[in-house]
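The values are calculated or read from the model by the stated rules, or taken from the named source; none is laboratory data. The model shown is predicted, which means the values in this text are computed figures rather than measured ones. Please note: Cβ atoms are built from the backbone with ideal geometry, for glycine as well, and neighbour counts cover all protein chains shown.
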């Protein structure tokens, strides 16, 4: 087997906990996955699965009282095999601030709350160029106008001086993406960037992101709850449930041969075209995602799992087994298949 | 931003023609314009044509989908039907439980309670549509009490019965909403909507805020309740895959107008309006072997401003097929050869691609068999 280059980002056993007055919330509880160079990895799961906190943990911008309490986040920018462990850096220190916005950038769901309403979009984007380069004012302005053009903003010279309220939702999200891409990051973390948009605008933004990713040869970690979006853009998929990664693998394999009962149930819960007329109801996962304060013991999915085995799944945390190349499943059933 | 209703509708309009057999509701030329005042001393005034002359029927026992992007007027249409808004024009003919035909749009306020019992609404966000200080018993029982339907022990039984029907445990009826998850809250909202035995339920983005696994539960619950109680649904949503699953017929709206109306299967497999086609093409298909978003050209531009829509066909600035006539003449919603209704000058000439039936979904290859 040819040795593949080390991944750009390798998250191992990440634990991010929130110590609140009412108890400890284990938002991310031992998540492991990696992001290869130049690929799009989608993190998918329902609300409360820890997908957003995972994204924020990588950039070390978890809101208080959340803290990265364990695991490693290995960032290997140049593929030298000598990575930086982001998990050990001081979240407010100079080392992570050099990486944040420059090597790793992030796009959020709601552009209206993440862009400043009292600064022009041009000046907001220019700020990050000034922080990370030593270009003069004219060159900074030129770079900002160039990136606004790249993200498909019409008349970028005049939009430089526009305020967010003068832009539509789709244009604001383009401005957010421009801000993230202006320093040519190696990794873009996008947290539900199209969820608040209409479908036709969502299609424009998804297409733009895929095109920019190829042009700039960067990796994208795309966080979403929408299996349709995953199928459209992902090279690899990371399925999360209650702070754990239950399954990872190449997109086609996840969709055609899901191994974890949760992934399987999730896929069968989405309506397919023609399904109702064919007389097939949606398959239903009973119950709902448990309260974060009352995580079930053993496998976190066992109370809702049709194949759960009493005495095993409710007692023992399942191990993660590698069933094929770049294909991990955290379930006792998969472990048995591998061992037999 | 101040929104006030324009002049109340002219009273004494000519008598409405009788309703067609089998129709529960006939919407005719419904108009809901809002006057928006802004600026110095609020002197500048613009008229937002949220709903601008739409017509459709709702047949008894069917599920009619109302789809479109934000700002198309679908929510305003729903709110006109329950008379949260008093329409500025048009008729809303409704056939009551007693067989009488009334125009809801012209109904005086004192007569509204009768019809509000028959037409109920389910809202999008189960977190803001339930009063956090009321117990589930009070939330579900309130419509029964206010309308004098039941009291005391009978009320309690009715509430328990409704909870069972929506899949909740009656023992939980003295709990407050915060003790329930999002999906359970939406079940409470549904139980409340059903408490007065309505005939028409208007569901405005009723499953949009829910997680995928919970969404499937609520959709199947709505299907079951419709079968058991012969309910009629007006299902308002932006999510085309859910609409395709649930609805018998679909009306597509764009900037205050209905642009296409027809049976779900035909509309999805053979769209006749370019906007319908563009909407379908923009839905990310959950199938990595069919990457429609990346292979098809997305619709350019953005939804027009309903206060200042483009002349002619409102869709023409974004339409790849637009010609001169589209820029000047507004197309009427007219029947086409196969009985659908389309508002496009070139509906017959265009041959637009729709969606192909998902083989997996149709059961041709059942994943459970393998």
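So, residue B:287, is that one facing chain A (nearest Cβ under 9 Å) and in a loop (DSSP other than H, G, I, E, B) or not?
Working: facing chain A (nearest Cβ under 9 Å): yes; in a loop (DSSP other than H, G, I, E, B): yes.
Here the answer is yes, as residue B:287 does meet what is asked.
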Taking the options A:214, A:234, name whichever one is within 13 Å of chain B (Cβ to nearest Cβ), under 30 Å from residue A:79 (Cβ atoms) and out of contact with any helix residue (DSSP H, G or I) (no Cβ under 9 Å at 6 or more places or on another chain).
A:214
What is the one condition in (1) closer than 30 Å to residue A:101 by Cα; (2) surrounded by 24 or more Cβ atoms within 10 Å (Cβ to Cβ); (3) within 11 Å of chain B (Cβ to nearest Cβ); (4) touching a strand residue (DSSP E or B) at 6+ places or on another chain (Cβ under 7 Å) that residue A:225 does not satisfy?
(2)
Report, by residue number, each residue of the stretch A:258-283 that is more than 9 Å from every other protein chain (Cβ to nearest Cβ) and assigned to a loop (DSSP other than H, G, I, E, B).
A:259, A:260
Residue that is farthest from residue B:240 (Cα to Cα) [pool: residues in the stretch A:273-293 that are under 25 Å from the mean Cα position of the chain (by Cα) and free of Cβ contacts under 8 Å to residues at least 40 places away in the same chain]:
A:291
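Go through the stretch A:242-252 and report how many residues are at the interface with chain B (Cβ under 10 Å from one of its Cβ atoms) and crowded, with 24+ Cβ neighbours inside 10 Å. Quick ask: steps written out before the conclusion?
So the first thing to find is which residues in the stretch A:242-252 are at the interface with chain B (Cβ under 10 Å from one of its Cβ atoms), and the list is A:250-252.
Checking the rest, the ones that are also crowded, with 24+ Cβ neighbours inside 10 Å come to none.
Residues meeting the conditions: 0.
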With criteria (1) surrounded by fewer than 24 Cβ atoms within 10 Å (Cβ to Cβ); (2) in a helix (DSSP H, G or I); (3) modelled with pLDDT of 95 or more; (4) more than 7 Å from chain B (Cβ to nearest Cβ), residue A:255 comes up short on (4)
Within the stretch A:309-331, the residues that are over 23 Å from the mean Cα position of the chain (by Cα) and crowded, with 19+ Cβ neighbours inside 10 Å are A:313, A:318
Looking at (1) within 23 Å of residue A:44 (Cβ to Cβ); (2) within 12 Å of chain B (Cβ to nearest Cβ), which one does residue A:152 not meet, given that it meets all the others?
(1)
Yes or no: the stretch B:74-88 includes at least one residue that is surrounded by fewer than 14 Cβ atoms within 10 Å (Cβ to Cβ) and under 29 Å from residue B:307 (Cβ atoms).
yes
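Restrict the check to the stretch A:156-165 and report whether at least one residue is free of Cβ contacts under 8 Å to residues at least 40 places away in the same chain, in a loop (DSSP other than H, G, I, E, B), surrounded by fewer than 24 Cβ atoms within 10 Å (Cβ to Cβ) and away from chain B (no Cβ under 13 Å).
Let us first name the residues in the stretch A:156-165 that are free of Cβ contacts under 8 Å to residues at least 40 places away in the same chain, namely A:156-159.
Still in the list and also in a loop (DSSP other than H, G, I, E, B): none.
No, every residue in the stretch A:156-165 fails to be free of Cβ contacts under 8 Å to residues at least 40 places away in the same chain, in a loop (DSSP other than H, G, I, E, B), surrounded by fewer than 24 Cβ atoms within 10 Å (Cβ to Cβ) and away from chain B (no Cβ under 13 Å).
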Applying the selection to the stretch B:80-99, what residues are at pLDDT 90 or above and out of contact with any strand residue (DSSP E or B) (no Cβ under 7 Å at 6 or more places or on another chain)?
B:83, B:84
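Out of all the residues in the stretch A:146-155, which are in a helix (DSSP H, G or I) and buried (at least 19 other Cβ atoms within 10 Å of the Cβ)? Let's see the steps before the verdict.
Keep residues of the stretch A:146-155 that are in a helix (DSSP H, G or I), which gives A:146-150.
Answer for the stretch A:146-155, where residues must be in a helix (DSSP H, G or I) and buried (at least 19 other Cβ atoms within 10 Å of the Cβ): A:147, A:148, A:150.
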Residue tally, condition without any contact (Cβ under 8 Å) to a residue 40 or more places away in the chain and either facing chain A (nearest Cβ under 7 Å) or crowded, with 20+ Cβ neighbours inside 10 Å (or both), over the stretch B:293-305
5
